[in-house]
1. Output the number of the condition that Arg138 fails; it satisfies all remaining conditions of (1) of a type in the set (D, E, K, R); (2) in contact with a Lys or Arg (Cβ under 8 Å, 6 or more places away or on another chain); (3) assigned to a loop (DSSP other than H, G, I, E, B); (4) surrounded by 12 or more Cβ atoms within 10 Å (Cβ to Cβ).
2. Tell me, please, whether a residue that is within 24 Å of the chain's Cα centre (by Cα) and in a loop (DSSP other than H, G, I, E, B) can be found in the stretch 189-197.
3. If I ask for residues that are under 26 Å from Met32 (Cα atoms), at pLDDT 95 or above and part of a loop (DSSP other than H, G, I, E, B), which ones from the stretch 97-130 would you list?
4. Is one or more of the residues making up the stretch 1-12 modelled with pLDDT under 95 and among the aliphatic types (A, V, I, L, M)?
5. Among the numbered conditions (1) out of contact with any Lys or Arg (no Cβ under 6 Å at 6 or more places or on another chain); (2) touching a residue at least 24 places away in the same chain (Cβ under 8 Å); (3) not β-branched (Val, Ile, Thr), tell me where Glu77 comes up short.
6. Determine whether Ala87 is closer than 30 Å to Val162 by Cα, of a type in the set (Gly, Ala, Ser) and without any contact (Cβ under 8 Å) to a residue 60 or more places away in the chain.
7. On the basis of being buried (at least 21 other Cβ atoms within 10 Å of the Cβ), under 26 Å from Arg73 (Cα atoms) and in contact with a Gly (Cβ under 7 Å, 6 or more places away or on another chain), does His114 make the cut?
8. Identify all residues within the stretch 286-304 that are of a type in the set (S, T, N, Q), crowded, with 17+ Cβ neighbours inside 10 Å and in a strand (DSSP E or B); write none if there are none.
Amino acid sequence: MERVRLKWVAYTAYQAPDLDVMERFLVDFGMMRSARTDTGLFMRGTGEAHHIHVTRLGDEPKFLGGAFTVESRDELEKAARIPGATAVEPILDPGGGFRVTLTTPNGHSIWIEHGAAKVAAQPIRRSYRMNFASEHLRFNGTVRQRAEATPVLRIGHFVLWVKDVVAEVDWFRKYFRLVPSDYICAPGDPDPIIKGTFLRYDEGKEYVEHHCILVNESKNFGCHHSSYEVLDLDAVIAGHEHLASKGWKLDAGYGRHYLGSLIYDYWLDPFGNRIEHYTDTDLVNDEYEPVYFVGQAHETTQWGMAPPPSFFD
């Protein structure tokens, strides 16, 4: 069958026992409430997406699944033809639209959605330009960046923990227009053993972000982290200082990754889910040559606070 063309990550969804506490954290993280019901919290960024983070009320904190948007009803109908998929169904949550529900080989829920309502975008622009040694762009101007909740623009990617990386990646590649960017490997004889695969949208010559999903082998099941783009380095650091001042729990950051090159800052939400601010990621196309990374955990960070051992469980 023809592969489904994904447009972007729509949101990740979690279950938690206290929506008030989750909302307070996400506001400090830089999101805004889009809608709330007795059993669900729907948070947005500055873009047009109705929501980019969903929390459903429930006793046990856990990851529920991830959603992707497609740009047409035809693409949604393609998704409904994937073996094991549901029929196209109306979305009863705030924002509406239609979805197809899928289950991956490792048991993760993936929703393919189209037609959700949009909200008014809130453009974020810097009031200053950054100077570099090789290029000076700011004249008779100053930088006045406060430590504050840094506006989240959108969700960029999420990371699945699985027991069988090969089966999960093969499934995503068979049914969706996705292609590997880089690989995380363990030493092998004679070839490295792939333990994780970064997948990006397959748009040929068009440049896209380094990855929209990472599939990683783990003893755990769920989501390693979901990741949200902010404007620039100042935004990352300002958000870091703000979250620290509010007493939220830092996981790792700030720093710059090796794979994908992005600047990161990881925090734990009140229920133990890892969540990331990021900026300045690589843009790649079909001329990009994948890296088979074999190295120690600390080598995944170029500079900054390296993630703790628990980050790589």
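1. (4)
2. From the stretch 189-197, those within 24 Å of the chain's Cα centre (by Cα) are 194-197; that's our starting set.
The next check asks that each one be in a loop (DSSP other than H, G, I, E, B); those that pass are none.
Looking through the stretch 189-197, none of the residues is within 24 Å of the chain's Cα centre (by Cα) and in a loop (DSSP other than H, G, I, E, B).
3. Of all residues in the stretch 97-130, those under 26 Å from Met32 (Cα atoms) come to 97-99, 109-128.
Next, from what is left, pick out any that are at pLDDT 95 or above: 97-99, 109-121.
Listed by number, the residues that qualify are Gly97, Gly115, Ala116, Ala117, Val119, Ala120, Ala121.
4. Taking the stretch 1-12 first, the residues modelled with pLDDT under 95 are 1-2.
After this cut, where a residue has to be among the aliphatic types (A, V, I, L, M) as well, the list is 1.
Within the stretch 1-12 (the criterion being modelled with pLDDT under 95 and among the aliphatic types (A, V, I, L, M)), the answer is yes, since at least one residue qualifies.
5. (2)
6. Working: closer than 30 Å to Val162 by Cα: yes; of a type in the set (Gly, Ala, Ser): yes; without any contact (Cβ under 8 Å) to a residue 60 or more places away in the chain: yes.
The answer is yes for Ala87.
7. On the way: buried (at least 21 other Cβ atoms within 10 Å of the Cβ): yes; under 26 Å from Arg73 (Cα atoms): yes; in contact with a Gly (Cβ under 7 Å, 6 or more places away or on another chain): yes.
Judged against the criteria, His114 is a match.
8. Taking the stretch 286-304 as the starting set, the residues that turn out to be of a type in the set (S, T, N, Q) are 296, 300-302.
Then keep just the ones that are crowded, with 17+ Cβ neighbours inside 10 Å; that gives 300-301.
Thr301, the sole residue that qualifies.
The values are calculated or read from the model by the stated rules, or taken from the named source; none is laboratory data. Note that the coordinates shown come from a computational prediction; the quantities given were computed from them, not determined experimentally. Glycine gets a Cβ as well: all are built from the backbone with ideal geometry, and neighbour counts include every protein chain shown.
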